[in-house]
Protein chains: 2
Amino acid sequence: MMSTVLFSYSQLESFVHQVWLKNGFSEEHAAMATLNLLEADLRGIDSHGVARLQGYLNLIQVGRINPNPNMTIEAEAMATATLDADAAVGLVSGTWATDLAIEKAKKCGIGMVVVNHSNHFGIAYTHLKKALSEGFIGISFTNASAFVAPAGGKERMLGTNPMCYAFPSPDGRHVVVDLATSAAANGKLEIAERTGKAIPKGWVMDENGEPSTDPSILKKGGMMIPLGSFEELGVHKGFGLSAVVDLFSGVLSGANFGPWVPPFPAFAPLPSETVGKGIGHCFWIINPEAFRTRSSYDQALLTWIHRFKNSIPLNDEIPVVIPGEPEMAFYHHRMEHGLPINAKVAEELKKISEKFEISL
Amino acid sequence: MMSTVLFSYSQLESFVHQVWLKNGFSEEHAAMATLNLLEADLRGIDSHGVARLQGYLNLIQVGRINPNPNMTIEAEAMATATLDADAAVGLVSGTWATDLAIEKAKKCGIGMVVVNHSNHFGIAYTHLKKALSEGFIGISFTNASAFVAPAGGKERMLGTNPMCYAFPSPDGRHVVVDLATSAAANGKLEIAERTGKAIPKGWVMDENGEPSTDPSILKKGGMMIPLGSFEELGVHKGFGLSAVVDLFSGVLSGANFGPWVPPFPAFAPLPSETVGKGIGHCFWIINPEAFRTRSSYDQALLTWIHRFKNSIPLNDEIPVVIPGEPEMAFYHHRMEHGLPINAKVAEELKKISEKFEISL
């Protein structure tokens with residue numbers, strides 16, 4: 001049983017907001033970064049929420065995250081743009097980018113915005129939340145530092161490169177597909193490590209490319225495996241999807257890509273050369289009303305959800321899960337009953353609270 | 001060893017073109033349908049090429065494919081459109097849709113076009129070939145009749161719903177990620193069936209949801225499994241991706257979706273109700289020059305390919321394969337040395353040749 005400390009959302013919100021402010025963020029950016037960071041905790045993706053706050057602060061301290069960025073538009077067409085985030089944290093540049101993409105989708109039916117010179121942006125979903133609430137479909141990609149080997153390879157070449165696709169539902173039960181293109185997300189390895197459990201074959205391999213079930217293998221030079229896990233189960237597909245995320249987020253945007261993406265830990269050495277600026281993201285916002293009437297879209301989506309929810313389950317007692325459903329349940333529960341923060345993470349927050357003299 | 005008959009590309013091209021003409025296609029549509037059908041054989045996706053010609057003709061005969069469609073734009077915004085294909089074969093409507101998306105991408109940076117009231121469109125890649133040759137990035141989705149169960153389910157709810165992402169390379173070695181969102185494509189089951197081999201665990205299950213290695217299981221009420229195959233290897237991710245394809249191709253476009261997508265075999269019963277028109281596709285065409293200069297895009301893409309191609313392979317003698325590389329090798333080889341057509345398929349072509357009095 002993992003020890004946790006319960007915080008209310010408003011407690012954490014006020015605390016995290018103050019932390020950003022004390023670290024040089026504007027009011028506006030602090031609000032964006034807080035909302036986007038805490039969304040991970042609310043949705044049960046504990047690895048990407050306040051557990052990473054200290055990591056972001058380290059990056060500010062070593063000068064890799066710019067707390068007061070001058071973000072600019074590098075290139076623009078009617079429905080598209082390339083943004084240079086000026087080393088902003090992705091928690092901020094993601095909102096800036098999707099706000100612009102929403103404006104473009106209103107005018108053109110779709111808006112596509114890529115971001116370079118950015119930093120890690122939290123969970124992919126969070127940047128689509130506002131678009132969803134306004135009735136838009138959203139897509140969010142980011143590349144990340146390399147822990148994943150290509151199919152047929154044994155070198156760290158790709159991040160866990162997530163893809164998020166979000167479809168608004170009129171009843172608020174949005175369909176949200178949010179996945180790492182690796183067989184397992186990093187957070188799952190961390191949980192197994194904390195609980196001392198072996199992980200399934202197909203998630204990782206050791207530095208020699210041999211299969212491993214050791215959740216600490218990444219610290220020993222090991223690598224993660226793309227979705228599909230094995231040749232006969234289509235590991236080349238997971239590799240392909242991860243490549244797609246990297247090509248849009250890095251090659252198209254002008255950010256780094258592949259093994260050149262800078263690492264999240266501030267103490268980790270930077271790649272010895274760069275092929276672009278910072279890390280990159282890619283967003284698409286789509287207006288369903290450009291394609292069909294709102295009511296016909298709504299009706300079709302509700303029919304889709306209803307039919308899948310009521311399809312025959314493998315186990316009579318466990319209905320089929322619609323993508324996004326578990327995270328939504330977490331969200332409502334934690335908003336009401338508070339957020340159980342891992343005790344070690346809570347200790348870290350306490351230290352931050354003392355250092356910056358912000359009550360928690 | 002499978003018995004094959006060798007045809008030159010021009011032989012097959014001339015034959016297939018005449019077949020469409022004799023079945024009521026215009027010159028223009030016959031040319032599109034021929035190019036798009038044969039691209040599958042050229043790229044080594046033998047299940048989707050001339051092997052399906054008789055299937056398409058059956059659909060024309062029973063009136064489900066309209067050989068002379070009046071395709072119309074149902075809805076349009078600056079960068080987007082919804083097309084009603086008037087029961088055209090997807091081999092034709094796909095080209096019409098991507099041509100429109102290319103025009104939009106030239107003006108707006110991106111063009112997104114969905115198609116409803118369509119039929120099967122061959123391989124997803126083929127519709128992006130022209131865009132690639134003009135230097136555009138392309139994305140192609142289609143839904144298809146239901147053979148795949150959702151994660152946690154045992155009912156046929158989704159097609160093998162392919163996604164294709166294609167990135168143009170200045171040296172012609174385009175990066176093409178083209179995958180069925182199921183663990184294995186239908187064609188792989190067909191090959192195993194012909195050779196009498198058991199298939200890997202994780203591809204299919206029987207009608208009761210029990211794991212199976214029988215390649216004929218679909219004929220016995222069985223189902224395919226999404227990419228990821230098993231709960232611990234992320235089968236919910238493959239389900240999510242398949243859902244994304246269905247939501248764009250069906251729910252957004254106004255076509256059928258989920259279990260309501262009409263089947264390819266003309267003799268198979270249609271679903272007893274419909275929730276949209278025909279089957280649906282979704283295409284995005286993106287102009288890299290809207291995001292950065294052509295030369296910087298080209299250089300980044302070539303660096304990406306070169307670095308991945310030279311990353312450390314699992315097996316010293318087998319370099320890492322770039323997505324699209326094997327299909328490109330097939331293409332060049334078959335264009336030069338001819339297409340080895342399965343003997344049974346060649347017999348079928350001979351019958352078509354006799355019926356329509358077209359020499360082959």
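Restricted to segment A:66-81, and to residues that are buried (at least 17 other Cβ atoms within 10 Å of the Cβ) and within 26 Å of B:Arg294 (Cα to Cα), which residue is farthest from the other protein chains (Cβ to nearest Cβ)? By that ranking, first place goes to A:Met71. Filtered by the rule that a residue be among the small types (Gly, Ala, Ser) and buried (at least 16 other Cβ atoms within 10 Å of the Cβ), segment A:193-219 gives A:Gly202, A:Gly209, A:Ser212.
Of note, B:Leu301 does not satisfy the criterion of being modelled with pLDDT under 95 and among the hydrophobic types (A, V, I, L, M, F, W, C).
Scan segment B:220-228 and tell me whether some residue there is surrounded by fewer than 23 Cβ atoms within 10 Å (Cβ to Cβ), outside any loop (DSSP other than H, G, I, E, B) and hydrophobic (A, V, I, L, M, F, W, C). Scanning segment B:220-228 turns up no residue that is surrounded by fewer than 23 Cβ atoms within 10 Å (Cβ to Cβ), outside any loop (DSSP other than H, G, I, E, B) and hydrophobic (A, V, I, L, M, F, W, C). Of the residues making up segment A:82-107, those that are under 22 Å from B:Tyr297 (Cβ atoms), in contact (Cβ under 8 Å) with a residue 60 or more places away in the chain and within 13 Å of another protein chain (Cβ to nearest Cβ) are A:Thr82, A:Asp84, A:Ala97, A:Ala101, A:Lys104.
Among the residues of segment A:129-170, those identified as of a type in the set (A, V, I, L, M, F, W, C), in contact with a helix residue (DSSP H, G or I) (Cβ under 7 Å, 6 or more places away or on another chain) and more than 12 Å from every other protein chain (Cβ to nearest Cβ) are A:Ala131, A:Phe147.
When the test is whether a residue is assigned to a helix (DSSP H, G or I) and either crowded, with 24+ Cβ neighbours inside 10 Å or in contact (Cβ under 8 Å) with a residue 40 or more places away in the chain (or both), A:Glu190 passes it. Of the residues B:Val113, B:Val148, B:Val62, the single one that is closer than 30 Å to B:Ile191 by Cβ and either surrounded by 20 or more Cβ atoms within 10 Å (Cβ to Cβ) or touching a Phe, Trp or Tyr at 6+ places or on another chain (Cβ under 7 Å) (or both) is B:Val148.
Tally time: how many residues in segment A:209-263 are of a type in the set (Phe, Trp, Tyr) and either under 25 Å from B:Ala184 (Cα atoms) or in contact with a Pro (Cβ under 6 Å, 6 or more places away or on another chain) (or both)? Total meeting the criteria: 3.
Inside segment B:229-243, can you point out the residues that are buried (at least 24 other Cβ atoms within 10 Å of the Cβ) and either farther than 25 Å from A:Gly234 by Cα or not charged (D, E, K, R) (or both)?
B:Ser229, B:Leu233, B:Gly234, B:Gly238, B:Phe239, B:Gly240, B:Leu241, B:Ser242, B:Ala243
Modelled with pLDDT of 95 or more, surrounded by 24 or more Cβ atoms within 10 Å (Cβ to Cβ), in contact with a Leu (Cβ under 7 Å, 6 or more places away or on another chain) and farther than 26 Å from B:Ala300 by Cα, is that true of A:Val50? Against the criterion (modelled with pLDDT of 95 or more, surrounded by 24 or more Cβ atoms within 10 Å (Cβ to Cβ), in contact with a Leu (Cβ under 7 Å, 6 or more places away or on another chain) and farther than 26 Å from B:Ala300 by Cα), A:Val50 qualifies.
Is at least one residue of segment B:203-215 in contact (Cβ under 8 Å) with a residue 60 or more places away in the chain and either in contact with a Lys or Arg (Cβ under 7 Å, 6 or more places away or on another chain) or away from chain A (no Cβ under 12 Å) (or both)? Spell out how you get there, then give the answer.
To start, the set of residues in segment B:203-215 that are in contact (Cβ under 8 Å) with a residue 60 or more places away in the chain comprises B:209.
If we keep only those that are either in contact with a Lys or Arg (Cβ under 7 Å, 6 or more places away or on another chain) or away from chain A (no Cβ under 12 Å) (or both) too, we end up with B:209.
The answer is yes, given that some residue of segment B:203-215 is in contact (Cβ under 8 Å) with a residue 60 or more places away in the chain and either in contact with a Lys or Arg (Cβ under 7 Å, 6 or more places away or on another chain) or away from chain A (no Cβ under 12 Å) (or both).
Matching residues to (1) within 12 Å of chain A (Cβ to nearest Cβ); (2) under 24 Å from B:Ala124 (Cβ atoms):
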site	(1), (2)
B:Asn256	yes, yes
B:Trp260	yes, yes
B:Pro263	no, yes
B:Ala268	no, yes
B:Ser272	no, no
B:Cys282	yes, yes
B:Asn287	yes, yes
B:Ala290	yes, yes
B:Gln299	yes, no
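Can you find a residue in segment A:329-337 that is farther than 28 Å from A:Ala97 by Cβ, modelled with pLDDT of 95 or more and touching an Asp or Glu at 6+ places or on another chain (Cβ under 8 Å)? Checking segment A:329-337: not a single residue is farther than 28 Å from A:Ala97 by Cβ, modelled with pLDDT of 95 or more and touching an Asp or Glu at 6+ places or on another chain (Cβ under 8 Å).
Do the conditions hold for A:Ile123, that is, is it within 13 Å of chain B (Cβ to nearest Cβ), of a type in the set (Val, Ile, Thr), closer than 17 Å to A:Val245 by Cα and touching a residue at least 12 places away in the same chain (Cβ under 8 Å)?
Values: within 13 Å of chain B (Cβ to nearest Cβ): no; of a type in the set (Val, Ile, Thr): yes; closer than 17 Å to A:Val245 by Cα: yes; touching a residue at least 12 places away in the same chain (Cβ under 8 Å): yes.
No; evaluated as a whole, the condition is false for this residue.
Test B:Met1 against the stated conditions and say whether it is modelled with pLDDT under 95 and either part of a helix (DSSP H, G or I) or surrounded by fewer than 21 Cβ atoms within 10 Å (Cβ to Cβ) (or both). Yes; evaluated as a whole, the condition is true for this residue. Here is a list: A:Leu6, A:Leu12, A:Leu21. Which entry is under 22 Å from A:Tyr125 (Cβ atoms) and among the aliphatic types (A, V, I, L, M)? Every option except A:Leu12 fails the conditions.
Surrounded by 19 or more Cβ atoms within 10 Å (Cβ to Cβ) and either at pLDDT 95 or above or on the phi > 0 side of the Ramachandran plot (or both), is that true of B:Asn161? Answer is yes for this residue. Number of residues in segment A:216-253 that are without any contact (Cβ under 8 Å) to a residue 12 or more places away in the chain and among the charged types (D, E, K, R) equals 3. With respect to (1) within 30 Å of A:Asp206 (Cβ to Cβ); (2) away from chain A (no Cβ under 11 Å), the lone exception for B:Glu336 is condition (1). Here is a check on your reading of the model: is A:Ala184 in a loop (DSSP other than H, G, I, E, B), at the interface with another protein chain (Cβ under 8 Å from one of its Cβ atoms), surrounded by 16 or more Cβ atoms within 10 Å (Cβ to Cβ) and among the hydrophobic types (A, V, I, L, M, F, W, C)? Judged against the criteria, A:Ala184 is a match. Output the residues belonging to segment A:226-235 that are within 16 Å of B:Val176 (Cα to Cα) and facing chain B (nearest Cβ under 7 Å). Matches in segment A:226-235: A:Gly234 only.
The values are calculated or read from the model by the stated rules, or taken from the named source; none is laboratory data. Because the structure is a prediction, the values reported are computed rather than measured. Don't worry about glycine lacking a Cβ; one is built from the backbone with ideal geometry, like all the others, and counts go over all protein chains shown.
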